[in-house]
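K.L.:
Can you keep this structure in mind? I'll have questions shortly.
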Amino acid sequence: MERHDAIVIGGGLNGLTAAAYLARAGVDVLLVERNERLGSAAAGFDIHPGFRMPRFTLGTSSLPHHTVTDLELPKFGLRFMRVDGGVSLLADGCYHASYRDGLMMRRELTRHSLKDADAWTRFRRDMLRAQFSLRDALAQPMHDPSRRSLAAFRALLGNADQLAIKPVPDLHDMTRLWTMSCAEFLDSYFTSDIVKMHLAAKALAGTTFGPYSPSSARFLMNLFSAETEGAGGGAPASVLAMGGPQAVADALGAAIEGFGGHVRTESEVTDVILRDGKARGVALADGEEIYADAVLSDLDLKRTFLALFPWKDLPKGFVERVGRFRMRGVTAKINLALDGLPAFPVVPDDCPALQGGLRLAMPMEKLEQAFDDWRSHMPPRTPLIEALIPSMSDRSLAPLGKHVMSVAVHYVPEVLHDGAWTQSRKDDFTDLVIGEITAHSPGFKDLILATETLVPPDIESEVGLTAGDFEQGEMSLDQMFFNRPMPGLANYETPIGNFYLCSGSAHPGALETGGTGAGAAQRVAAALGRNVITRRGVGI
Amino acid sequence: MSDDTKLNSIVEPPPLVADVNDANTTPRPPPVPRLNLAALDEISRADPALFEDRRADPPFSRQVMTTPLHFYVASESLTNLWCNWNGYTVADQLTSLDDEYAALRHGAALADISPLVKYRISGPDALAWLRRLVTGNLVSLSVDEIIPVVFCEDRGLVVGDGLLFRLGDSEFRLVTEERHLAWFMDSAIGHNVRIEDVSKTLAAMSLQGPLSCAVLSEAGFSGIENLRCYTAHWFNVTGMPVYVSRSGNSGDLGYELWVDPDDAPAFWLRLLDKGKAYGVKAGGFALREIARIEAGIPRAGVDYLGAFSAVDPQSALTPFELGFSALVDLNGEHFTGREALRKAKTLPPRYILATLAVDWSAPLTFAAIRDGSGVAGIATSTGFSHALGINLALATLRPAAIADGAVLHVQAEVREELSLRVISAAARILAGPAVLLPARHLVPAPLVTRR
């Protein structure tokens, strides 16, 4: 009978991070992954012989610095590249690029408005301020404030203390950022439309919010999540992992084994073994049973409880509440192998910001319309298109001179108002997106060697994410912090003893890549009498 | 530039040549503004040129920004040492810091200060807007006078500081270290005022030192000795108009010349030529820095952070904490941040900016100022004063560090080849700037005849 200290179900970035932290703390941990390769949504594939690319995600990395150093990922083969933040193209032949260098960014903003070039200083300051206070919040476990434990009480006092010492105007600023709509918030900084469109499109990509939705402004600060005070004063950088997100997953897998843990791929967990209302282990699809003192699930909340447990064994009303947890797909993925580098005549030759990707920006009203279409389950008419050509900076991904292009299309509904996605619907959608890109890049269509289109239902069936929701639960204010995944389930605990949630459905979710994994590892290690040391929250 | 010519047709320019004695001894009749409001409105509305990028090369291409004087400064360089000032490539040292310093304190030092940010503020409400913007009292500021100003946001935290020139009845120039156009334009809503960044269309050079007046006099600026401190005057030298202000940040007698970029090289060469006998030398940015540290003048972005760039709210300071108390008039008219500053005045300061002397005969590198209990403050600018033989620092200190009997010291690492010595040197707080010479205020300014 196989036995471990802890079992992690699912090899997504959170599960891998949790297992790696546990293994480093000396816990005998086993990670079980259904697919052949690790990574889940981060997985890569060969779209065409010799063309490797991220299959489900755009391909930029947001793995926090402290995870990389804590888990010694460079030792396990991980290498990063920092590039400029990308280019936004507008239909009228205008473009806006993000540069990391402060002076370059200033010159770029001056092209649009001299005033906006100055306003950038204030915008950047406010975003960094918000980001730093959020980082402090992410660094500590999120306790349920209604629970009368000493730790929760202490945390509550600490928060109250922090709020009390904040000058009132700073609180006003914080409230504005967390409640205002993105478009109106940007109006209070910038005058030039393209700057606002660029920032809004960048911030809202992949969220379930439109530019005029209340509380959508807070996504702007996520753009600065990896930014440090000492950086050059320009726009935030895009970070690419050499080899794509798959390389991050592989390095985390190597780290687990390097720290003495175990990884098993191509085995699917079908059940959690319960005894006396507590989790004792897992049962695999082939009937094998593995036992452990703690079981962590890297599946989203719905899949975890609706697929791994007999519903009758769950507390009364819990299944119903799990069912009401909002998970909504917004993003489709189009993968392309290209015979050459597409040209974008609007952008000056050799613009370094193109390495950070490009998006087809649109006026706020049109973006809002795209969001409305998504909300009413219309087939996308003007979706938000974001693309990355990772082979521009990582030449190992495609044969020399050829490229792969990863296209993420946002505001794509999971279900259409008149039925499901059919193959012909998908073909129309692919044509629409490729047509939009071709409008900015003459001859683009002729460069395509291979195409793959994945709409949210495809992502659900391939990755296992309910509704194809990459956030693993909508990041609306009612499903965040101590309310994530739902009231009463803070701090990675579940109604089942010894069973913990380490997927993005728990806090901090999409706020920090691998953050839930690291937090859950801390919680589980404490339960097992071990200590996980992470450098979360310590200034980078 | 086209804007300036357009405006000249609207606002009568001041006379280019005038008798300085006359201007300063007898009260000057108030200039009669000949404002054509309709025309002014017209150009205020249609001003796309201000927001247009006139350069064809993309932002990411290699760009070395140089001042109009760059090639003339470069030809003085014996060291090939350069630095970045506000994005411009300027000389750090030209000959050697010792020689340049000797010229500054015993002759006169000429420097290119064109990278400073210059705003032209005009329009019927220019004065009204400026009164709301700056903390000081502008009531007594008449034409051709200058006043150092500081401006705050609503919370009473300093956004920036600068030098305000009154060029005409409703025309001003504000010279700052950092750019503030966004704040200026936001706060100007509701005022009939026009704010332009004229940094690129105006060259500037400074001539500082005990013999600077003599050099200018020799170069043809007749009557310059009668110019009072913080006043300015138009001169016409060899047919070129130049606006000369008696200002500077060396703590000594000094002048600054504001001139058309096309004429700047001629003045630069003329001053070097005519000043040869007086020991005039061209100086670089390092000299400017040590001079201002000796004079105890904080620099925006270095010694303090503007309220809109400080990420930690605790890093933004009030004028009282920065030693700008004299520039704040709480009893005058309303200005942005007045209520907050009234309140701040009743509270003990969180920090105090002070000049610190560290007695050590060689330049030291240090940041932390320590007292018995730990770090008492941070040195934001440090420099070695050759004349005084001490290390000077502008430091932001906790008030406790200034209390009587507080013993301060700094720790510095001195590298000697492959070994390292950690020294601890005593630091003392100076009551005022290290160098502040009475010649700044003397009228007539000392004119030394050629030896």
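The values are calculated or read from the model by the stated rules, or taken from the named source; none is laboratory data. The structure presented is a predicted model; accordingly, all values stated were derived computationally and were not measured. Because the Cβ atoms are built from the backbone with ideal geometry, glycine has one as well, and the counts that use them run over all protein chains shown.
K.L.:
Taking the stretch A:224-276 as the region of interest, how many residues are of a type in the set (A, V, I, L, M), in a loop (DSSP other than H, G, I, E, B) and either in contact with a Gly (Cβ under 8 Å, 6 or more places away or on another chain) or closer than 30 Å to A:Pro315 by Cα (or both)? Can you show your working first?
P.N.:
Step one: list which residues in the stretch A:224-276 are of a type in the set (A, V, I, L, M), which gives A:226, A:231, A:235, A:237, A:239-242, A:247-249, A:251-252, A:254-256, A:263, A:269, A:272-274.
Subsequent filtering for residues that are in a loop (DSSP other than H, G, I, E, B) retains A:226, A:231, A:235, A:237, A:242.
Subset that is either in contact with a Gly (Cβ under 8 Å, 6 or more places away or on another chain) or closer than 30 Å to A:Pro315 by Cα (or both): A:235, A:237.
Result for the stretch A:224-276: 2.
K.L.:
Give the stretch B:402-451 a look and list any residue that's in a loop (DSSP other than H, G, I, E, B) and in contact with a strand residue (DSSP E or B) (Cβ under 7 Å, 6 or more places away or on another chain), or say none.
P.N.:
So in the stretch B:402-451, the residues in a loop (DSSP other than H, G, I, E, B) come out as B:403-407, B:417-418, B:430-437, B:441-451.
Within the stretch B:402-451, B:Ala406, B:Val407, B:Leu430, B:Pro433, B:Ala434 qualify.
K.L.:
Looking at this structure, is B:Thr89 touching a Lys or Arg at 6+ places or on another chain (Cβ under 7 Å) and touching a residue at least 24 places away in the same chain (Cβ under 8 Å)? If you could, list the steps in order and put the result at the bottom.
P.N.:
Working: touching a Lys or Arg at 6+ places or on another chain (Cβ under 7 Å): no; touching a residue at least 24 places away in the same chain (Cβ under 8 Å): yes.
So B:Thr89 fails the test.
K.L.:
Is it fair to say A:His48 is within 14 Å of chain B (Cβ to nearest Cβ) and either farther than 30 Å from A:Thr382 by Cβ or not small (Gly, Ala, Ser) (or both)? Give the derivation first.
P.N.:
Numbers: within 14 Å of chain B (Cβ to nearest Cβ): no; either farther than 30 Å from A:Thr382 by Cβ or not small (Gly, Ala, Ser) (or both): yes.
Here the answer is no, as A:His48 does not meet what is asked.
K.L.:
Got a sec? Which of A:Arg135, A:Arg107 is more than 23 Å from the chain's Cα centre (by Cα) and either in a helix (DSSP H, G or I) or facing chain B (nearest Cβ under 8 Å) (or both)? Even if it seems obvious, please write down each step before you answer.
P.N.:
Details: A:Arg135 fails: more than 23 Å from the chain's Cα centre (by Cα).
Answer to the check: A:Arg107.
K.L.:
For the stretch A:110-121, how many residues meet the condition of being at the interface with chain B (Cβ under 8 Å from one of its Cβ atoms), in contact with a helix residue (DSSP H, G or I) (Cβ under 7 Å, 6 or more places away or on another chain) and in a helix (DSSP H, G or I)? Please lay out each step first, then the result.
P.N.:
Of all residues in the stretch A:110-121, those at the interface with chain B (Cβ under 8 Å from one of its Cβ atoms) come to A:110-119, A:121.
Now drop any that are not in contact with a helix residue (DSSP H, G or I) (Cβ under 7 Å, 6 or more places away or on another chain), which leaves A:110, A:112-119.
Among the residues that remain, those that are also in a helix (DSSP H, G or I) are: A:110, A:112, A:114-119.
Final tally of qualifying residues: 8.
K.L.:
Among the residues of the stretch B:259-289, how many are surrounded by fewer than 24 Cβ atoms within 10 Å (Cβ to Cβ) and under 14 Å from the mean Cα position of the chain (by Cα)?
P.N.:
Residues that pass the stated criteria total 2.
K.L.:
Working carefully through the options B:Leu408, B:Leu341, B:Leu353, B:Leu317, find the one that is among the aliphatic types (A, V, I, L, M), modelled with pLDDT of 90 or more, in contact with a Cys (Cβ under 9 Å, 6 or more places away or on another chain) and surrounded by 15 or more Cβ atoms within 10 Å (Cβ to Cβ). It would help to see each step written out before you state the result.
P.N.:
Details: B:Leu408 fails: in contact with a Cys (Cβ under 9 Å, 6 or more places away or on another chain); B:Leu353 fails: in contact with a Cys (Cβ under 9 Å, 6 or more places away or on another chain); B:Leu317 fails: in contact with a Cys (Cβ under 9 Å, 6 or more places away or on another chain).
Of B:Leu408, B:Leu341, B:Leu353, B:Leu317, the one residue that is among the aliphatic types (A, V, I, L, M), modelled with pLDDT of 90 or more, in contact with a Cys (Cβ under 9 Å, 6 or more places away or on another chain) and surrounded by 15 or more Cβ atoms within 10 Å (Cβ to Cβ) is B:Leu341.
K.L.:
Criterion first (surrounded by fewer than 24 Cβ atoms within 10 Å (Cβ to Cβ) and touching a strand residue (DSSP E or B) at 6+ places or on another chain (Cβ under 7 Å)) does A:Gly464 satisfy it? It would help to see each step written out before you state the result.
P.N.:
Numbers: surrounded by fewer than 24 Cβ atoms within 10 Å (Cβ to Cβ): yes; touching a strand residue (DSSP E or B) at 6+ places or on another chain (Cβ under 7 Å): no.
Judged against the criteria, A:Gly464 is not a match.
K.L.:
In addition: The conditions are (1) in contact with a strand residue (DSSP E or B) (Cβ under 7 Å, 6 or more places away or on another chain); (2) among the basic types (Lys, Arg); (3) assigned to a helix (DSSP H, G or I), and A:Arg52 fails exactly one of them. Which is it?
P.N.:
Condition (3) is where A:Arg52 drops out.
K.L.:
Another question about this same structure. Would you pick out the residues in the stretch A:155-195 that are surrounded by fewer than 14 Cβ atoms within 10 Å (Cβ to Cβ), at pLDDT 85 or above and within 14 Å of chain B (Cβ to nearest Cβ)?
P.N.:
Once the filter is applied, which keeps residues that are surrounded by fewer than 14 Cβ atoms within 10 Å (Cβ to Cβ), at pLDDT 85 or above and within 14 Å of chain B (Cβ to nearest Cβ), the stretch A:155-195 yields only A:Asp187.
K.L.:
In the stretch A:94-104, how many residues are over 16 Å from A:Leu358 (Cβ atoms), outside any strand (DSSP E or B) and more than 7 Å from every other protein chain (Cβ to nearest Cβ)? Walk me through how you get there before you give the answer.
P.N.:
So the first thing to find is which residues in the stretch A:94-104 are over 16 Å from A:Leu358 (Cβ atoms), and the list is A:100-104.
If we keep only those that are outside any strand (DSSP E or B) as well, we get A:100, A:102-104.
Then drop every residue that is not more than 7 Å from every other protein chain (Cβ to nearest Cβ), which leaves A:100, A:102.
Number satisfying all stated conditions: 2.
K.L.:
Turning to a different aspect of this structure: Of the conditions (1) part of a helix (DSSP H, G or I); (2) at pLDDT 95 or above, A:Phe482 clears all except one; give me its number.
P.N.:
Among (1) part of a helix (DSSP H, G or I); (2) at pLDDT 95 or above, the lone unmet condition for A:Phe482 is (2).
K.L.:
If you don't mind, another one. Only residues in the stretch A:261-280 that are crowded, with 18+ Cβ neighbours inside 10 Å count as the first member; pair them with residues that are aromatic (Phe, Trp, Tyr) and assigned to a loop (DSSP other than H, G, I, E, B), Cβ under 7 angstrom, at least 6 apart or cross-chain, and list the lot.
P.N.:
Note: pairs meeting the criteria are A:Val272/A:Phe309.
K.L.:
Continuing with the same structure: Go through B:Gly136, B:Gly123 for me and flag whichever is surrounded by 22 or more Cβ atoms within 10 Å (Cβ to Cβ), closer than 26 Å to B:Ala203 by Cα, in contact with a strand residue (DSSP E or B) (Cβ under 9 Å, 6 or more places away or on another chain) and not hydrophobic (A, V, I, L, M, F, W, C).
P.N.:
Values: B:Gly136 fails: closer than 26 Å to B:Ala203 by Cα.
Result: B:Gly123 is the single residue among B:Gly136, B:Gly123 that is surrounded by 22 or more Cβ atoms within 10 Å (Cβ to Cβ), closer than 26 Å to B:Ala203 by Cα, in contact with a strand residue (DSSP E or B) (Cβ under 9 Å, 6 or more places away or on another chain) and not hydrophobic (A, V, I, L, M, F, W, C).
K.L.:
May I pose another question? Within the group A:Leu89, A:Leu30, A:Leu71, A:Leu63, which residue is touching a residue at least 40 places away in the same chain (Cβ under 8 Å), away from chain B (no Cβ under 14 Å), buried (at least 20 other Cβ atoms within 10 Å of the Cβ) and closer than 22 Å to A:Met197 by Cα? Quick ask: steps written out before the conclusion?
P.N.:
Working: A:Leu30 fails: closer than 22 Å to A:Met197 by Cα; A:Leu71 fails: closer than 22 Å to A:Met197 by Cα; A:Leu63 fails: closer than 22 Å to A:Met197 by Cα.
None of the others qualify; the one that does is A:Leu89.
K.L.:
Of (1) in contact with a helix residue (DSSP H, G or I) (Cβ under 9 Å, 6 or more places away or on another chain); (2) modelled with pLDDT of 90 or more; (3) of a type in the set (Val, Ile, Thr), B:Val358 satisfies all except one. Which?
P.N.:
(1)
K.L.:
Would you check if there is a residue in the stretch A:453-461 being surrounded by fewer than 16 Cβ atoms within 10 Å (Cβ to Cβ) and in contact (Cβ under 8 Å) with a residue 40 or more places away in the chain? Walk me through it before giving the result.
P.N.:
Taking the stretch A:453-461 and keeping what is surrounded by fewer than 16 Cβ atoms within 10 Å (Cβ to Cβ), we get A:461.
After this cut, where a residue has to be in contact (Cβ under 8 Å) with a residue 40 or more places away in the chain as well, the list is none.
Scanning the stretch A:453-461, I find no residue that is surrounded by fewer than 16 Cβ atoms within 10 Å (Cβ to Cβ) and in contact (Cβ under 8 Å) with a residue 40 or more places away in the chain, so the answer is no.
K.L.:
Would you confirm whether or not the stretch A:402-417 contains a residue that is in a strand (DSSP E or B), out of contact with any Leu (no Cβ under 7 Å at 6 or more places or on another chain) and surrounded by fewer than 23 Cβ atoms within 10 Å (Cβ to Cβ)?
P.N.:
Scanning the stretch A:402-417 turns up at least one residue that is in a strand (DSSP E or B), out of contact with any Leu (no Cβ under 7 Å at 6 or more places or on another chain) and surrounded by fewer than 23 Cβ atoms within 10 Å (Cβ to Cβ).
K.L.:
Still on this structure, please answer the following. Would you pick out the residues in the stretch B:154-168 that are crowded, with 22+ Cβ neighbours inside 10 Å and within 14 Å of chain A (Cβ to nearest Cβ)?
P.N.:
Passing the criteria: B:Gly156, B:Leu157, B:Val159, B:Gly160.
K.L.:
Give the number of residues within the stretch A:87-132 that are aliphatic (A, V, I, L, M), over 13 Å from A:Gly233 (Cα atoms) and at pLDDT below 90.
P.N.:
Final tally of qualifying residues: 3.
K.L.:
Mind checking which residues of the stretch B:156-179 are more than 15 Å from B:Pro115 (Cβ to Cβ) and assigned to a loop (DSSP other than H, G, I, E, B)?
P.N.:
B:Gly156, B:Leu157, B:Asp169, B:Ser170
K.L.:
Among the candidates B:Gly296, B:Gly332, B:Gly306, B:Gly283, single out the residue that is within 14 Å of another protein chain (Cβ to nearest Cβ) and in contact (Cβ under 8 Å) with a residue 60 or more places away in the chain. Talk me through it step by step, then tell me what you get.
P.N.:
Working: B:Gly296 fails: within 14 Å of another protein chain (Cβ to nearest Cβ); B:Gly332 fails: within 14 Å of another protein chain (Cβ to nearest Cβ); B:Gly283 fails: within 14 Å of another protein chain (Cβ to nearest Cβ).
Exactly one residue qualifies, and that residue is B:Gly306.
K.L.:
Sticking with this structure for a sec: What number of residues within the stretch B:314-325 satisfy the criterion of being within 14 Å of chain A (Cβ to nearest Cβ) and without any contact (Cβ under 8 Å) to a residue 40 or more places away in the chain?
P.N.:
Result for the stretch B:314-325: 2.
K.L.:
Would you please list the contacts, defined by Cβ atoms under 7 Å and residues six or more apart or on different chains, that run from a residue in the stretch A:368-393 that is closer than 12 Å to A:Leu416 by Cβ to a residue that is aliphatic (A, V, I, L, M) and surrounded by fewer than 16 Cβ atoms within 10 Å (Cβ to Cβ)?
P.N.:
A:His377/A:Val415
K.L.:
Oh, and also: Only one of B:Ala204, B:Ala214, B:Ala232 is more than 14 Å from every other protein chain (Cβ to nearest Cβ), in a strand (DSSP E or B) and more than 23 Å from B:Val302 (Cβ to Cβ); which? Can you show your working first?
P.N.:
Values: B:Ala204 fails: more than 23 Å from B:Val302 (Cβ to Cβ); B:Ala214 fails: in a strand (DSSP E or B).
None of the others qualify; the one that does is B:Ala232.
K.L.:
Continuing with this model, one more query. Need the failing condition index for B:Glu196 against (1) within 14 Å of chain A (Cβ to nearest Cβ); (2) modelled with pLDDT of 95 or more; (3) over 30 Å from B:Lys345 (Cβ atoms), just the number.
P.N.:
(2)
K.L.:
Something else now. Considering the stretch B:276-294 alone, what residues qualify as being at pLDDT below 95 and assigned to a loop (DSSP other than H, G, I, E, B)?
P.N.:
B:Gly279
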